[in-house]
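Each value in this text was obtained by applying a stated rule to the coordinates, not by laboratory testing. The structure displayed is predicted, hence computed values, not measured ones. We place every Cβ from the backbone using ideal geometry, glycine too, and count neighbours over all the protein chains shown.
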Amino acid sequence: MIQRITEQALCTGCGACAGVCGKKAISMNHNLGGYLVAEVDEAQCVHCGKCLTVCPSYEKNQSLETIREACRGSFLKGGISYAAEKRIRREGQSGGLVTALLLYLLDSGKIDGAVVNQFCQEKQAPKAVYASTKEEIVGGAGSYYAQSAVAETALHYKNNRLAVVALGCQAKALQLAGKGSGWRPEYVIGLVCAGQNSRHMIPYLANCAQMGEKERIAKFRFRYSHPAYGGWPGNVHIVTDASRYTVDKSYRTRSKSLFEAYRCLLCYDQMCTSGDIVCGDPWGISGNHVAGETVVIARTEKGLELLLDAAQAGYIHFEELDAEKILKGQTVYPRLVHKVYSGYRACRQENWEYPYQLSPAAEKETEEVPRKEYKDYLSRMRYTRSRFLSHSAEEVEALTAACQKEQSRQQKKQKRKNTLMLPVRVFRYVKRAIKR
Ligand SMILES: Cc1cc2nc3c(=O)[nH]c(=O)nc-3n(C[C@H](O)[C@H](O)[C@H](O)COP(=O)(O)OP(=O)(O)OC[C@H]3O[C@@H](n4cnc5c(N)ncnc54)[C@H](O)[C@@H]3O)c2cc1C
């Protein structure tokens with residue numbers, strides 16, 4: 001049953017198992033490490049095994065022929081885009097493309113509603129919700145880098161004509177849930193995802209903002225790209241009942257290694273290969289993106305039609321880009337594939353369960369990873385796995401503190417190295433200048 005997935009720290013928090021459980025025996029809750037996990041009520045469970053059939057971490061559900069191909073997925077057309085309506089572009093995470101597409105689908109009567117994310121004040125964490133009005137959809141703009149049970153919410157509203165905004169794991173879970181019945185959301189709008197984090201990242205960043213102890217967060221943006229607050233890629237933005245805080249983006253970037261989810265370190269599906277389209281930030285694409293732009297790949301005919309129709313209807317601006325440019329910007333090769341290679345090797349070495357089945361060819365590929373990269377990756381995996389499986393709040397605190405200490409030791413080492421290398425760099429600079 002699904003416990004075997006959570007006991008191996010492999011739960012993505014998507015909630016598909018809770019969504020299909022006929023006995024309502026599964027609920028999604030945060031564990032001590034702040035990760036969203038499936039919890040089973042043994043008294044209700046009838047051990048039918050349905051939960052495993054929809055789980056993107058059950059190894060029998062996904063087999064990879066080659067890792068390089070699996071990471072890429074299909075590619076019909078790609079480009080750079082943004083919402084035509086100024087307010088949407090400003091409120092959006094990148095260029096507001098996802099929100100603009102949802103609005104086009106709603107206005108043209110192609111969907112009844114969409115599954116988006118919002119900040120839940122009660123839980124002080126993001127929550128997947130069903131949005132059926134323009135204001136609700138716009139209220140969901142922006143990216144939440146902590147987990148939410150998107151697949152559970154989508155399955156709850158499966159009788160509606162739905163567009164679901166989903167990460168790779170969530171989109172895969174929905175695909176598995178539809179197997180056999182032919183059910184599928186009308187549209188799956190994928191997001192590029194290099195990993196989700198524990199919800200503990202939110203109070204950590206609030207603490208960096210020196211927020212008052214009694215204040216409660218009413219609105220939280222991991223990255224707010226509104227031009228009035230510095231534009232894309234955006235700083236952390238917090239609104240409480242008493243005040244408004246901005247925290248420099250470097251705090252968010254640095255804190256990622258403290259809170260990242262173990263399962264995400266094994267994921268090949270950064271580019272959401274089961275979506276109709278996939279949207280991401282314009283990383284690595286030349287040009288000035290401060291006003292907000294989204295890179296997009298159409299993966300299915302339906303996704304391509306949506307993009308072109310929305311552009312023609314004036315909801316978005318779209319300019320075609322070469323596939324390789326987008327994949328290079330997203331560092332699919334070699335960073336992502338090396339990450340998957342390392343993850344597989346680490347699981348084999350440590351005797352940890354692995355969430356996919358690999359063909360002999362894919363297994364052979366994993367031998368290519370550089371030794372230093374593998375070593376660093378293994379230590380990240382050990383830390384995140386222990387954090388996920390912690391048995392007490394004290395253990396979580398101790399692990400986080402040890403990771404912070406190691407992080408500052410590494411920073412000091414790098415600083416020393418930079419100082420020592422300074423004369424060499426100056427010498428090289430002068431040599432180059434003389435040659436010119
Ligand atoms: C966890 C996570 C990791 C990401 N990592 C990368 C990355 O490494 N590289 C990259 O290029 N892009 C990444 N993205 C995507 C990027 O942040 C933007 O979401 C994307 O570029 C679309 O921007 P937009 O302005 O078009 O979307 P918007 O118009 O702002 O709409 C974003 C939509 O996503 C929904 N959403 C927010 N959080 C989640 C969530 N956790 N799960 C499901 N839906 C959600 C919102 O409710 C909204 O409907 C990530 C996003 C997430 C959520």
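If I take R0 = 25 Å and measure r between the Cβ atoms of LEU420 and LYS372 in this structure, what FRET efficiency does the formula 1/(1 + (r/R0)^6) give, to the nearest 0.05? Computed FRET efficiency for LEU420 and LYS372 comes out at 0.80.
Here the Kirkwood formula, the inverse mean of 1/r across different C-alpha pairs, assigns the range 21-114 a hydrodynamic radius of 18.0 Å. Expressed to the nearest 5 percent, the antiparallel share of DSSP beta bridges inside the chain is 75 percent.
Normalised by the residues of the chain, what does the relative contact order come to in percent, with Cα pairs under 8 Å and at least six apart? All intermediate terms of the calculation are to be shown ahead of the outcome.
Working: 856 pairs, mean separation 94.9, N = 436.
It rounds to 22 percent for the chain.
Note on LEU304 and GLU397: the model spin-label points, each 7 Å out from Cα along the C-beta direction, lie 5.7 nm apart.
When you restrict to C-alpha pairs under 8 Å that are six or more residues apart and normalise by the size of the range 74-329, the relative contact order lands at 29 percent. The range 74-329 has equivalent-ellipsoid semi-axes of 27, 21, 18 Å, by the square roots of 5 times the alpha carbon gyration tensor eigenvalues, sorted largest first.
Note on LYS431: no aspartates and glutamates have a C-alpha under 15 Å away, same-chain residues under 8 apart excluded.
Each part gets one Cα centre, and for the range 91-126 versus the range 131-187 those centres are 10 Å apart.
Size descriptor for the range 1-160, Kirkwood hydrodynamic radius: 17.7 Å (Cα pairs only, one decimal). Taking other C-beta atoms within 10 angstrom as a stand-in for reagent exposure, CYS17, CYS193 fall in the order CYS193, CYS17, fewest first. Working note: Cα gyration tensor of the chain, eigenvalues times five, square-rooted, sorted largest first, giving semi-axes of 31, 28, 25 Å.
Remark: the GLN404-GLU135 segment gains 92.8 nm on full extension, using 0.36 nm per residue and subtracting the alpha carbon distance.
The fewest-to-most ranking of TYR429, TYR262, TYR35 by surrounding Cβ atoms within 10 Å reads TYR429, TYR262, TYR35.
The order of PHE388, PHE427, going from fewest to most other C-beta atoms within 10 Å of their C-beta, is PHE427, PHE388. Computed from the mean reciprocal separation of all distinct C-alpha pairs, what Kirkwood hydrodynamic radius does the range 270-390 have, in Å? Evaluated over the range 270-390, this radius sits at 17.2 Å.
Rounded to the nearest 5, what % of DSSP beta bridges with both residues in the range 74-329 are antiparallel? Rounded to the nearest five, the antiparallel share is 75 percent. Cross-link pairs exceeding 20 Å between alpha carbons, from the set LYS372/LYS417; LYS60/LYS256; LYS375/LYS413; LYS328/LYS412; LYS372/LYS413; LYS339/LYS375: LYS60/LYS256; LYS328/LYS412.
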